[in-house]
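The values are calculated or read from the model by the stated rules, or taken from the named source; none is laboratory data. Not measured: the values here are computed from a predicted model. No Cβ is skipped: glycine too gets one built from the backbone with ideal geometry, and neighbour counts run over all protein chains shown.
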Amino acid sequence: MTGPPVLRARNLARTYPVSRGPFRKPATLHALDGVSFAVPVGKTLAVVGESGCGKSTLGRLSAMIETPSAGRLEIDGTDAATRDPRERRRLRRAVQMVFQDPFASLNPRATIGGIVGEALAINGGLTEAERRQQVDEMLRRVGLSPDLANRYPHMLSGGQRQRVAIARALIPRPKLVIADEPTSALDLSIRAQVLNLLLDLQQEFGVAYLFISHDLPSVRHIADRVLVLYLGRTAEYGRSDAVLARPRHPYTRALLASAPRLDDGPRRPRRLLAGEPPSPLAPPGGCPLRTRCPHATALCAEVAPLPRRIDGRVVSCHHADHV
Amino acid sequence: MPLLDVRHLSIAFGAGEQPVVDDFSLVLEEGEVVGIAGESGCGKTVSMLAIMGLIGWPGRITAGLMRFAGQDLSALSPRKRRSLLGRDLAMVFQEPKSSLNPCFTIGFQITETLAAHTGLGRRERRSRAVELLQQVGIPAPESRLRSFPHQLSSGMNQRVMIAIALACRPRLLIADEPTTALDVTVQAQILDLLLERQRETGMALLLVTHDLAVIAGTAARVLVMYAGKVVEEGPTREVFASPRHPYTQASLDALPERHAGHARLAALPGSVPGLDERPQGCSFHPRCRFAAGVCRRESPALLPAGHGLVRCHLPLAGDGTRGP
């Protein structure tokens, strides 16, 4: 591993004001609260959790679409809050995004060649012929025929469109690609193709991924590190083989046990977590999971557990030693 | 007598159009749990809608036989058929938010079904609605009756949908991707709930999903569909352990959980053919690594193989290799 991590977060937090009507003060929603992690060069960090846990907020902060409310975010060794316009432009180029729904993320009026080549056109310095050549080359790399460059997105299948989105993200040679649920809108057989493609391109370009997903089998397959979020806070963070094979946080355990598996016998009811995630506007005091957790004690209601190192990963749970 | 007996169902939209679903047969016994698997566009939802009688113009249904509890569904008058829907035959859809009416309370929507199908009085309907909400695990059911769908989470809304479907104690419940829009911990709760209600009431359950792992844990028997046709059918355990159709095998092999570490997945090349690009012969042959000359020429029939049925000229031997 060389150089600083492509992405490093320290106590990252993001809050949003939520209106409660014209005569009341807006409430504060803690979308992310004290999250720390690092993505090394050319590696994959998967962010998992249920809807509303802050996964997508984390992606938006990392892509510099939004700014953190507190804490520090470093992209490629530079503070993402830097004011230097030239630095900001460099960082923006270093981070690219692939979105969930390839039917919504491609401009229907632009040709495939235009979509993939747009970043090159903006960054300038290339003739039209050179651009064209790079676009063709990139289309080939993602497994599409360069003949598609003159077509429009509606002529392509879902899998092909997601390949176009990946080509568009990779053409400025980013250090980090944020993939926000890149396979969840795709069919089973196409999902495997796209996961393979992401792995191949990582080998080839040395790009790092921030892989946001709720599909645990895919995460297990692609990730080097895993960050499990619950209501905006870190539940567990560490190497994916450790976290997914021997989870120490009750929430990680529940996530893993809830995912149906092929080798399941007839289903036994497994009530690992009661109920549903509480509203992030009114999280319970103390440990955010305590209202659903089977191990919760009086301590959990009073004191929010701080992240601590156990067994080679970071866990925020009072009872992580013995669950 | 089976509860549901569908033979050679075919559905097309518009006269002279390619059928969307072709030669779909399903025999379901009372109290049976059967899974229907397939990718989007394979015809699984359309076949369920046809059983429910919810295919409108220009859809055209032809079937050799369509019987539910001894009654010929295609010969029933619309009024008789409507009285069956929601009473003996109920369905739960994928998106609970778009299936519930946003303008009415959930209490109204549950009692509406009871008013249409039972002779219960107002007060009895109300207490039955409370009982139903309790059965589907909704806390404080009395006060929830006055809630509107937007005031509940999608998991809770799906529980309400299930409560409505169960209101008249159906003999067959069709659940079409009931957990696809839900988070994984809530998905597990909803599946547990469906199975618990199924065991308690003895109704038959048809579970439609693209997620093979969901079927593995729930259904005793599975139908795998591809491009409008059932390609394999059999006991879930046997089909998943030793698939006979190359498509079933390729789908199972493409699952990340079957691969250790960062190995490449055994992805199936190409994509599902669209309705107007379904090839001659076997519709899977362009993607099949075993395809031979006969596969390009003739469309295979659904024939017995192993413990089930398979639609393939050259079915697998059950150990991942091609048969004799």
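Figures for the structure shown
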| item | result |
| --- | --- |
| Answer residue from the range B:53-81, given it is exposed (fewer than 11 other Cβ atoms within 10 Å of the Cβ) and farther than 19 Å from B:Ala15 by Cα and is nearest to the chain's Cα centre (by Cα) among those | B:Gly70 |
| Checklist (1) touching a residue at least 40 places away in the same chain (Cβ under 8 Å); (2) at negative phi; (3) more than 12 Å from chain A (Cβ to nearest Cβ) applied to B:Gly228, failing item | (2) |
| Every pair of residues 6+ apart whose Cβ atoms lie under 9 Å, when the first sits in the range B:263-274 and is within 8 Å of chain A (Cβ to nearest Cβ) and touching a residue at least 12 places away in the same chain (Cβ under 8 Å) while the second is β-branched (Val, Ile, Thr) and not in a loop (DSSP other than H, G, I, E, B) | B:Ala267/A:Ile190; B:Ala267/A:Val194; B:Leu268/A:Ile190; B:Val272/A:Ile190 |
| Qualifying residue in the range B:124-131 (condition: over 24 Å from the mean Cα position of the chain (by Cα), surrounded by 23 or more Cβ atoms within 10 Å (Cβ to Cβ) and not polar (S, T, N, Q)) | yes |
| Residues being more than 8 Å from chain A (Cβ to nearest Cβ) and not polar (S, T, N, Q) - total across the range B:231-260 | 16 |
| Every residue from the range A:209-225 that is under 22 Å from A:Pro294 (Cβ atoms) and at pLDDT 90 or above | none |
| Check on B:Ala213, within 14 Å of chain A (Cβ to nearest Cβ), touching a strand residue (DSSP E or B) at 6+ places or on another chain (Cβ under 6 Å), surrounded by fewer than 24 Cβ atoms within 10 Å (Cβ to Cβ) and over 30 Å from B:Gln18 (Cβ atoms) | no |
| Residue match in the range A:181-198 (condition: within 12 Å of chain B (Cβ to nearest Cβ), outside any helix (DSSP H, G or I), touching a Phe, Trp or Tyr at 6+ places or on another chain (Cβ under 8 Å) and not hydroxyl-bearing (Ser, Thr, Tyr)) | yes |
| Breaking point among (1) buried (at least 18 other Cβ atoms within 10 Å of the Cβ); (2) modelled with pLDDT under 90; (3) among the polar types (S, T, N, Q), for A:Ser279 | (1) |
| B:Leu54 closer than 29 Å to B:Ala181 by Cα and modelled with pLDDT under 95 | yes |
| Among the residues listed as A:Val228, A:Val303, the single one being surrounded by 22 or more Cβ atoms within 10 Å (Cβ to Cβ), of a type in the set (Val, Ile, Thr) and either without any contact (Cβ under 8 Å) to a residue 60 or more places away in the chain or touching a strand residue (DSSP E or B) at 6+ places or on another chain (Cβ under 9 Å) (or both) | A:Val228 |
| Cross-chain or 6+ apart pairs with Cβ under 7 Å, the range B:175-202 first and more than 11 Å from chain A (Cβ to nearest Cβ) and farther than 13 Å from B:Gly35 by Cβ, then of a type in the set (Lys, Arg) and not in a helix (DSSP H, G or I) | B:Thr201/B:Arg169 |
| Residue list for the range B:82-109, filter: touching a Ser or Thr at 6+ places or on another chain (Cβ under 7 Å) and either within 21 Å of B:Asp183 (Cβ to Cβ) or surrounded by 22 or more Cβ atoms within 10 Å (Cβ to Cβ) (or both) | B:Phe93, B:Gln94, B:Pro96, B:Lys97, B:Ile106 |
| Hits in the range A:121-155 (condition: within 27 Å of the chain's Cα centre (by Cα), modelled with pLDDT under 90 and not polar (S, T, N, Q)) | A:Ile122 |
| Residue within the range B:192-208 that is surrounded by 22 or more Cβ atoms within 10 Å (Cβ to Cβ), among the hydrophobic types (A, V, I, L, M, F, W, C), under 13 Å from A:Pro260 (Cβ atoms) and under 12 Å from the mean Cα position of the chain (by Cα) present | yes |
| Members of the range A:199-216 found to be of a type in the set (Asp, Glu) and either farther than 17 Å from A:Lys175 by Cα or more than 9 Å from chain B (Cβ to nearest Cβ) (or both), listed by number | A:Glu204, A:Asp215 |
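To keep it simple, each residue is scored yes or no on (1) in a loop (DSSP other than H, G, I, E, B); (2) within 26 Å of A:Gly158 (Cα to Cα); (3) touching a helix residue (DSSP H, G or I) at 6+ places or on another chain (Cβ under 7 Å).
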{"residue": "B:Gln280", "(1), (2), (3)": "yes, yes, yes"}
{"residue": "B:Ser283", "(1), (2), (3)": "yes, yes, no"}
{"residue": "B:Cys295", "(1), (2), (3)": "no, no, yes"}
{"residue": "B:Pro300", "(1), (2), (3)": "yes, no, no"}
{"residue": "B:His313", "(1), (2), (3)": "yes, no, yes"}
{"residue": "B:Gly318", "(1), (2), (3)": "yes, no, no"}
